[in-house]
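We did not get these values from a lab; they are worked out from the coordinates using the rules stated. What you see is a predicted model, and the numbers here were worked out from it, not measured in a lab. All Cβ positions, even for glycine, are placed from backbone atoms using ideal geometry, and neighbour counts span all protein chains on display.
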Amino acid sequence: MSEQAIFDVFVIGGGINGCGIARDAAGRGYSVALAEMDDFASGTSSGSTKLIHGGLRYLEHYEFRLVREALMEREVLWAMAPHVIWPMRFVLPYHKGGLRPAWLIRLGLFLYDHIGGRKLLPATSTLDMTRDPAAAPLKRLFTKAFEYSDGWVDDARLVVLNARDAADRGARIMARTRVVSARRDNGRWAIETEDALTGKRETVRARLLVNATGPWVDRVLADAIGKNDVHNVRLVQGSHIVVKKKFDDPRAYFFQNPDGRIMFAIPYQDDFTLIGTTDRDFTGNPAEVRISDAEIDYLCRSASEYFSDPVTKDDIVWTYSAVRPLYDDGASKAQEATRDYVLRLEGENGQAPLLNIFGGKLTTYRRLAESALEKIGEAIGIKGSKWTAGSHLPGGDFPAAGYDAEVAKLKTHYPFLAASHARRLVRLYGTRAKQLLDNAASEADLGRRFGADLYAAEVDWLIAHEWALRAEDVLWRRTKLGLKLSRAETAELEEYMRDAASAAA
Ligand SMILES: Cc1cc2nc3c(=O)[nH]c(=O)nc-3n(C[C@H](O)[C@H](O)[C@H](O)COP(=O)(O)OP(=O)(O)OC[C@H]3O[C@@H](n4cnc5c(N)ncnc54)[C@H](O)[C@@H]3O)c2cc1C
């Protein structure tokens, strides 16, 4: 497409919602451009608890529409991307006199099992905690627990796979490109972008603008689009800690805290446990959100109420924090604000249309994109029809329960790979792991080793196919090898990537 061409749809924001909308729109035949000011998923979409879940807790707030839609999405998304999404069982320990009565939890789990179109995920069961191995790491407080199904997702990869697929379907996908201003001009949008690396500005024209900037949505409305007095989202910070593995069981725990909040402790990256999250109102710049000492204390204290071996600050190997862009429904407490999404289309009397996205979960991103496409169709004319359910994200074209078979296939093709390496590559790249490994016949063919099992072949692939630019992109979003590489190894990777970027410039 030439520089002067007018795109049908211009999306601001490369989080899950922006990338999901761009992919859906490109697949229907719209011409699409997307600009992300930093790296894909560098905002909220890499800072989640990483669950594809109905949201058991939301039933308490009567969010039946959201919970049903989210439950239905679990198996749809698993089938779309079985490399980065997989089922997980959750153990909810119960003791008499606890915060919620057993009948309430049972009712919630009954709904969970019956309103969500469950086909492959196993149903809820009750555990005898005097015998079940799930009791092993916990204090001896529980005689009973409920075990139920939800899903796990590599959130940052889900985003970049949507961006990749959108690009493969013809979208112009721009990383590190900030939208500086967007103004209406003769029934069209004139969008001024700035390249974060070179400072170069460009004006792109489009028929419809989508503001999918998550926690920045009001800022973009005010600063780039020039709206006054906007207040649509409530920003709520949530933080996580990653600690050395607290238990060997493959199941995750769902804990109820004395303050009424809930918390997860999840097996993470083989050697770790992920614990979170918190909920507190946030007023700063979302790009600068960091976990506070009070949150660290809260997470350690709450987890230690359950684990017999307390969780301490010294166990922490990594933390991350993100800001939920919740649609502001005027709820009094942050944890009570709705988790549902709201799409608002503006632009009457021939004005170029603007679609604002407020809220939205990773779990519902595909449905949110379908709703966005309905509005886009209303505004600029329908193209194509719904297509993403039943599609595959890049590398996800294998059966939902076929991960082990994919690993075995990869090992047969590349016998020199260590089993753990093959497993990691299939988790991240699915069937595309073969493209990445190409003709390699030995470890030496993978090029320089940076640390753990990260070789130049993978780094080069991520630069070429997934817009990776800095070490951080590779170590904390495309992979989680940041947990394994030393500082010196990270510095070497940074230098390698800097050289690769200047050679490409
Ligand atoms: C602590 C926490 C836990 C969560 N856990 C879960 C969970 O377990 N399951 C689940 O389903 N959901 C979960 N969520 C919700 C989910 O993560 C978010 O709702 C979702 O990621 C929001 O995506 P987004 O695309 O709207 O926003 P973002 O991911 O923030 O994307 C917006 C993007 O816009 C870009 N941007 C901003 N301004 C501009 C500009 N001017 N020009 C160009 N780009 C710009 C930003 O850089 C950013 O990348 C959680 C959220 C949090 C915070």
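Couple of notes before you dig in:
- About its Cα centre, region 403-504 has a charge dipole of approximately 400 debye under the convention of +1 per Lys or Arg Cβ and -1 per Asp or Glu Cβ, with nothing else charged.
- Whole-Å distance, taken between Cα centres, linking region 48-77 and region 354-371: 14 Å
- Gain on full stretching of the segment that runs from Leu99 to Lys244 - 0.36 nm per residue minus C-alpha separation: 49.3 nm
- All lysines inside 16 Å of Lys411 as judged from Cα atoms, apart from same-chain residues fewer than 8 positions distant: Lys434
- Cβ charges +1 (Lys, Arg) and -1 (Asp, Glu), total dipole of region 193-262, debye: 160 debye
- For the cross-link pairs Lys245/Lys480; Lys50/Lys119; Lys246/Lys361; Lys245/Lys484, the ones whose C-alpha atoms lie over 19 Å apart are Lys50/Lys119; Lys246/Lys361.
- Net charge over other residues, Cβ less than 11 angstrom from the Cβ of Leu141 (K, R count +1; D, E count -1): +3
- In region 29-132, chymotrypsin sites (Phe, Trp or Tyr not before Pro) in a DSSP loop with at most 14 other beta-carbon atoms within 10 Å: Tyr62
- In summary, the aspartates and glutamates within cross-link reach of Lys386, defined as a Cα separation below 14 angstrom excluding same-chain residues under 8 places away, comprise Asp24, Glu370, Glu374.
- Applying a DSSP loop filter and a limit of 12 other Cβ atoms within 10 Å to the trypsin sites (Lys or Arg not before Pro) in region 48-124 leaves Lys96, Lys119.
- Local charge for Arg188 was computed over the other residues whose Cβ lies under 12 Å away, with Lys and Arg +1 and Asp and Glu -1, and equals +2.
- Charged side chains reduced to their Cβ positions (Lys and Arg at +1, Asp and Glu at -1) give the chain a dipole of some 960 debye around its Cα centre.
- Mean residue ellipticity at 222 nm, helices only, the chain: -8500 deg cm²/dmol; runs of at least 4 DSSP H residues each add -39,500 (n - 2.57), and the sum is divided by the number of residues.
- In this structure the amide hydrogen of Ile262, modeled in the peptide plane, comes within under 5 Å of the amide hydrogens of Asn257, none closer than 5 places in sequence on its chain.
- Remark: region 242-253, residue by residue, has Karplus-estimated 3J(HN,Hα) of 10, 10, 4, 2, 9, 7, 9, 4, x, 7, 9, 10 Hz, where x stands for each Gly or Pro and the curve is 6.51 cos²θ - 1.76 cosθ + 1.60 at θ = phi - 60°.
- Backbone HN-Hα couplings from phi across region 177-187 [Karplus 6.51/-1.76/1.60, Hz, Gly and Pro as x]: 9, 8, 7, 8, 8, 9, 10, 7, 8, 6, x
- For region 381-473, chymotrypsin sites (Phe, Trp or Tyr not before Pro) meeting the loop criterion (DSSP other than H, G, I, E, B) and having at most 15 other Cβ atoms within 10 Å: Trp387, Phe416.
- Coupling constants for region 136-143 follow from the phi torsions by the Karplus curve (6.51 cos²θ - 1.76 cosθ + 1.60, θ = phi - 60°), and in residue order they are 3, x, 9, 4, 7, 9, 10, 9 Hz; glycine and proline get x.
- Net lengthening on full extension, Arg201/Glu305 (0.36 nm per residue, minus Cα-Cα): 32.1 nm
- Of the residues Ala175, Gly330, Ala501, the one whose Cα sits farthest towards the positive end of the charge dipole of the chain is Gly330 (charges of +1 on Lys and Arg Cβ, -1 on Asp and Glu Cβ, taken about the Cα centre).
- Rounded D (µm²/s) - region 64-188, Kirkwood Rh over Cα pairs, Stokes-Einstein at 20 °C, 1.002 mPa s: 118 µm²/s
- Amide H contacts under 5 Å for Arg324: Val236, Gln237, Gly238, restricted to partners 5 or more places along the chain or on a different chain, H placed in the peptide plane at 1.01 Å from N.
- Gyration tensor (alpha-carbon) shape descriptor, the chain, a/c threshold 1.5: oblate
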